[in-house]
Amino acid sequence: MALKTEEMVLNMGPQHPSTHGVLRLEVELDGELVLDVKPHIGYLHRCFEKHAEAMNYNQIVPYTDRMDYLAAMYNSFGYALAVERLLGIQVPERVEYIRVIMGELQRIASHLVAVGTYGVDIGAFTPFLFGFRDRESILTLFEMTCGARMLYNYNWVGGVSHDLHPDFVPMTREFLKYFKGSLVEFNNLLSYNKIFIERTANVGVLPLDTAVNYGVTGPNLRASGLKWDLRKNDPYSVYDRFDFEIPVGSGEKGTTGDCWDRYYVRIREMEESVKIIEQALDQLPDGDVHSAIPKRIKPVVGSIYSRVENPKGELGYFIISDGTVNPYRMKVRGPSFVNLTVMGELCKGHLVADVIAILGSIDIVLGEVDR
Amino acid sequence: MKTREEIFNILKQEFPEDVLELLNQPTEPIIVASPGAIHNICFYLRDTEGLQFDSLMVLSGVDDANGEKQTEEDGSVTINGGTLSVYYHLESLSLTQKVTLKVSTPRDNPEVESVESVWKSANWHEREAYDMFGIKFLHHPDLRRILMPYDWDAGYPLRKDYKNPEFYQGMKVPY
C-alpha cells in the first residue's frame, strides 16, 4: 500500500531566530524539499517615506540611520550626498575623506555582523563572538567621534557633525594593523572550515543573468561573477583617488554564485576596505568640517536619483523637490529590499536546512526592507 | 554611451504615439510615456542593441496632487481628479548608461501595465507602489499589499490626501 503524502506549508518566523529580524517565510514543502518560498515583510514598517514628507531635509538624517541600522553611517552618507547633488553644493575635501573613512569602517562592521551571524546560522558560534569583538573596536572609534555607537546622525547635508578626535587617526591605524591579523584568524576558523564549506558550497547558486534581472546588487551580485561596484563604476565622493580591488566570486569551493562565494566576497571586501582606509588616512587633508553646511536647505524644483554602494548593495534615494523646505517625495531603494526578492528563486529544490543557509548568505536587515 | 536626448529620439521614432515628451530639468531629464505601452517600451529598451537596459534600479510611485483640492471642516484635504505617476530609473550595466521614464495615470482609475515580465525586480516595487498609492499594475502576477497589513482598508498611505483611520481591526490607531 502506497503511503499517502501531500505538500505542506511551513511558516518560518516572524520571530524565527535565523530570520535576522521580524520576517516571515512561507515555505512550501514536499517532504524536506522546498518547492517555493514566499517572504512576507512589513512587520517593521515605520512609514519613513511618509515621515520624510513632513520634515525638512536636516531632520531626515537621523531617520536614515534607522533603516539599515547595521550600516547607519553609510545610509546618512548616501542621503547627504543625494541632497548635496540636488542643491549643487560641494563639500570640503576633509569632509569627503572623513565620510569615506567612516563609511569603510562601517562596511567592515556591517560585514563582520553578516559573516558572524552567518556562522551562527550554520552552527558555528565562536566566529560570531570574534566578529563582534572586532566590531566593538570600530564602534569605539565611532563613539569617540560623535558620541553614538549605533545610530550616529553624523553625516549632515554639507558636512559632518563633529571633526575627528585627535586620537582618532592613531587609534584607527592601530585597529587596522590588528584587524589584518584578525581576518586571517577568521579565515582559519570559519572560511576554510570543512563543515562550513559542506553546508555552503554549491548551495543556493545565483546565476548572473538571474541576479541582474532581479536587481540584486552589492556583494551578492559580485559573488555571481560581475565586477560591479558603484565605488568604481559610478564613482562618488573621493573614491576615484584610492587603489583597491573589487572582489568577485570565482566558484573556488563549488559553483560561482553559491552561498560560500557570497560569504567569501564579504571577507575579501573587508580586506579592500582596510586598504581604502589606510590610503585615506595618509591623504587626510585639513579643513573646517562645518564650512559648507547650508543655513537653510531649499532646493529648486526638480528630482534626483542618487545612489551609493552601501555594505549590502546599491542604496538609492529618489527625491522630488517642489521648491519648499520639505521634500515632496522621498523614495528609498534599499538593497536588502531588492535582494530579498530573489529568495524564492534561490531556494527552489533545496532542503529546509538550506533555506537558513541561503537567507543568511543574502545578508538582509529588516529595518531597511520595511523602512 | 548614449545621452538621454539620443535615447528619447530613438524611442520617439519607434513609438511615435506612446512616447510623449522629454522633460528637461537640470538634475535629470525624464522621458514621459503612456501607461498602456510602458511594458512594450521597456522590452524594447532591454532588448535593443546599443540600449541594453538590463537593470531596473528603482520604480517609484508618486502622487502628483494636481487635482481639485477640497478642504474639509476638520482641516483635512481631499483631492479629486488629477494624476498619479510612476517613475522608472533604468540602467545598462554593460554600457553604463541610465535613463528615467515616467508615466502618468488618472487618479480615479490608476492603471499601468506591469513591467514585471521585463525585470523581475519590478515585482516588489510595483507591489509597494500599489500598496502606497493604489496604482493597479495590469498583468502583475501577484499584486498584493506588501508593507501594510493585507487587510488594511483605510486607503493608500502615501497619497497626499490620506487620512489616518480611527480604528484598525478594533485597535485604536492614533496614539
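The values are calculated or read from the model by the stated rules, or taken from the named source; none is laboratory data. Please read these numbers as outputs of a predicted model, since none were measured by experiment. Heads up, the Cβs are rebuilt from the backbone with ideal geometry, glycines too, and the neighbour counts pull from every protein chain shown. Side chains are part of the model used for accessible areas, which takes the heavy atoms of the whole protein and leaves out ligands, DNA and RNA. Shrake-Rupley method; radii C 1.70, N 1.55, O 1.52, S 1.80 Å.
At-a-glance table
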{"quantity": "Filter result for the condition that a residue is part of a helix (DSSP H, G or I) and more than 14 Å from every other protein chain (Cβ to nearest Cβ), over A:R107, A:R85", "calculated": "A:R107"}
{"quantity": "Subset tally (residues that are farther than 27 Å from B:Q97 by Cβ and surrounded by fewer than 22 Cβ atoms within 10 Å (Cβ to Cβ)) for segment A:277-317", "calculated": "20"}
{"quantity": "Hits in segment B:17-69 (condition: exposed (fewer than 14 other Cβ atoms within 10 Å of the Cβ), among the polar types (S, T, N, Q) and part of a strand (DSSP E or B))", "calculated": "none"}
{"quantity": "Any chance A:D286 is over 30 Å from A:K227 (Cα atoms), acidic (D, E) and within 14 Å of chain B (Cβ to nearest Cβ)", "calculated": "no"}
{"quantity": "Segment A:323-343, residues that are open to solvent by 10 Å² or more (accessible area, probe 1.4 Å), in contact (Cβ under 8 Å) with a residue 40 or more places away in the chain and not in a strand (DSSP E or B)", "calculated": "A:V325, A:N326, A:T341"}
{"quantity": "Where a residue in segment B:149-175 is among the small types (G, A, S) and its partner, wherever it lies, is open to solvent by less than 40 Å² (accessible area, probe 1.4 Å), with Cβ under 6 Å and at least six apart", "calculated": "B:A154/B:P165"}
{"quantity": "Qualifying residues in segment A:187-217 (those that are in contact with a Pro (Cβ under 6 Å, 6 or more places away or on another chain) and modelled with pLDDT under 90) - the one surrounded by the fewest Cβ atoms within 10 Å (Cβ to Cβ)", "calculated": "A:L189"}
{"quantity": "Residue that is surrounded by the most Cβ atoms within 10 Å (Cβ to Cβ), among those in segment A:16-39 that are within 14 Å of chain B (Cβ to nearest Cβ), outside any loop (DSSP other than H, G, I, E, B) and in contact (Cβ under 8 Å) with a residue 24 or more places away in the chain", "calculated": "A:V37"}
{"quantity": "Candidate set from segment A:323-361 (those that are β-branched (V, I, T) and away from every other protein chain (no Cβ under 14 Å)); member that is nearest to B:V86 (Cα to Cα)", "calculated": "A:V325"}
{"quantity": "Selection count, segment A:59-83, where residues are more than 25 Å from A:I138 (Cα to Cα) and open to solvent by 10 Å² or more (accessible area, probe 1.4 Å)", "calculated": "1"}
{"quantity": "Filtered residues of segment B:88-125 (kept if open to solvent by 10 Å² or more (accessible area, probe 1.4 Å), within 11 Å of chain A (Cβ to nearest Cβ), within 17 Å of B:H140 (Cα to Cα) and under 14 Å from the mean Cα position of the chain (by Cα))", "calculated": "B:E116, B:N123, B:W124"}
{"quantity": "Odd one out for A:I320 among (1) over 18 Å from A:A71 (Cα atoms); (2) within 14 Å of another protein chain (Cβ to nearest Cβ); (3) buried (at least 17 other Cβ atoms within 10 Å of the Cβ); (4) in contact with a helix residue (DSSP H, G or I) (Cβ under 9 Å, 6 or more places away or on another chain)", "calculated": "(4)"}
{"quantity": "Failed criterion for A:R135 (all others in (1) within 21 Å of the chain's Cα centre (by Cα); (2) part of a loop (DSSP other than H, G, I, E, B); (3) under 22 Å from A:P17 (Cα atoms) hold)", "calculated": "(2)"}
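Residue-by-condition table, conditions (1) touching a helix residue (DSSP H, G or I) at 6+ places or on another chain (Cβ under 7 Å); (2) within 14 Å of another protein chain (Cβ to nearest Cβ):
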residue	(1), (2)
A:P219	yes, no
A:S224	yes, yes
A:N233	no, yes
A:D240	no, no
A:F244	yes, no
A:D261	yes, no
A:V265	yes, no
A:E272	no, no
